[in-house]
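*Asks:* My questions will all concern the structure given below.
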Amino acid sequence: MPFQASSAAPRRAVTPAAFVRGVVAAYARYGRDPAEALNRAQVPPEILKSADARITATQFETLAGHAMRELDDEALGWFSRRLPWGAYGMLCRASITAPNLEVALKRWCRHHRILTEDVLFELAVGDETAVISIREQRDLGPLREFCLVTLLRYVLGYSCWAVDSAILLRSAEFPFPEPGHVSVYPTIFCKAVRFGAPRASITFDKRYLALPLKRSADDLDNMLKGALRLTVLPYRRDRLLVERVRRVLRGVRGRVLGAEDVARELALSTRTMHRRLREEATSLRELKEEAKLELARQELMRGRTPIKRIAELAGFRNEKSFSRAFRTWTGASPREFRGKYR
């Protein structure tokens, strides 16, 4: 099943040779020759013997896509029975009419059992985070890593595409030892990766679950004709970026944060942060002003903190400049505003 998790596939080689060997192992399971698939993907045979070799997303798209069709198994031999070509497309169709991501993921978890019960997807929602995990019902053998990584990339890639937003992961965990190609995991998932965990899982901000699905059935048809890119860079547009910036700025309270400081908190370059905020029709300056006003209003409504101290907390050099800015924001001075709540 093709997934396109980014508007443009990176050309650098990020898919490890271990996953290439996983595809070749599927051919071995079905007693077939992988030569044509490797040739079409321009993957030289020596890569199969290398521990450090990488291929590009485009090469892996060609290799895996050809294998899935030729073997008529989208699971590439992971499970106790084949998943015929189009199986995961059916799963997407069952989720595309959901009103938001949470409902879509619940459908994904439930309907994946129609495909196989060898592994079970589960969604757990906490106070701040959501976790998608995979419970293994059978021994996946030497293809365990390839299977679990691919399944999580499937659901993550589809989710990002469906809500038209990057879903930035807080962490990713896997139940197998750290592989030799561990360096590719931050590209595939995130920097916070742990091995030897009880289950394979990804964790993210639960507010992504409330995002509405942005895609139609026609969009899905077009997406399913696209590329299978399991190791592409994350979807670029993050529809929660503005809220993430607000969260950083709310914690300032008297400290001066420059653009570089905010970008570092978001694990972005300053240039990328500014560009993405422009795409959301706002700017860091506007969000800083908003955060200052929010803090000032909260402190004034409490009625205890001296106005001079509130000015300091909001990042102003003195009470006079704070009062001038506050009047511009609200049409009232800080004292007049406070008087309304006494």
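*Asks:* For region 108-133, give me the residue count where each residue is outside any helix (DSSP H, G or I), among the aliphatic types (A, V, I, L, M) and surrounded by fewer than 14 Cβ atoms within 10 Å (Cβ to Cβ).
*Replies:* Summing the residues that are outside any helix (DSSP H, G or I), among the aliphatic types (A, V, I, L, M) and surrounded by fewer than 14 Cβ atoms within 10 Å (Cβ to Cβ) in region 108-133 gives 2.
*Asks:* Here's something else I'd like to know. Of a type outside the set (Asp, Glu), in contact (Cβ under 8 Å) with a residue 40 or more places away in the chain, in contact with a Lys or Arg (Cβ under 9 Å, 6 or more places away or on another chain) and not in a helix (DSSP H, G or I): does that describe ALA172?
*Replies:* no
*Asks:* Now for a separate question. Looking at this structure, is THR97 over 20 Å from CYS147 (Cβ atoms) and part of a loop (DSSP other than H, G, I, E, B)?
*Replies:* Taking the combined requirement at face value, the residue satisfies it.
*Asks:* Quick one: in region 320-342, of everything that is over 18 Å from LYS288 (Cα atoms) and in a helix (DSSP H, G or I), which residue is modelled with the lowest pLDDT?
*Replies:* GLY339
Matching residues to (1) open to solvent by less than 10 Å² (accessible area, probe 1.4 Å); (2) closer than 26 Å to LEU123 by Cβ:
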residue: ALA57; (1), (2): yes, no
residue: PHE60; (1), (2): yes, no
residue: HIS66; (1), (2): no, no
residue: ARG69; (1), (2): no, no
residue: ALA75; (1), (2): yes, yes
residue: ARG81; (1), (2): no, yes
residue: TRP85; (1), (2): no, no
residue: THR97; (1), (2): no, yes
residue: ASN100; (1), (2): no, yes
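*Asks:* Scan region 306-315 residue by residue and report those that are modelled with pLDDT of 85 or more and open to solvent by 10 Å² or more (accessible area, probe 1.4 Å).
*Replies:* Those that are modelled with pLDDT of 85 or more and open to solvent by 10 Å² or more (accessible area, probe 1.4 Å): PRO306, ILE307, LYS308, ARG309, GLU312, LEU313.
*Asks:* Tally the residues that are at pLDDT 95 or above and open to solvent by 40 Å² or more (accessible area, probe 1.4 Å), restricting the search to region 139-148.
*Replies:* Qualifying residue count for the region: 2.
*Asks:* Any residue at all in region 89-106 that is among the acidic types (Asp, Glu), at pLDDT 95 or above and on the phi > 0 side of the Ramachandran plot?
*Replies:* No, there is no match, as no residue in region 89-106 is among the acidic types (Asp, Glu), at pLDDT 95 or above and on the phi > 0 side of the Ramachandran plot.
The values are calculated or read from the model by the stated rules, or taken from the named source; none is laboratory data. Remember, it's a predicted structure, so these values are computed and weren't measured experimentally. Because the Cβ atoms are built from the backbone with ideal geometry, glycine has one as well, and the counts that use them run over all protein chains shown. Side chains included, ligands, DNA and RNA excluded: accessible areas come from the protein's heavy atoms. Shrake-Rupley method; radii C 1.70, N 1.55, O 1.52, S 1.80 Å.
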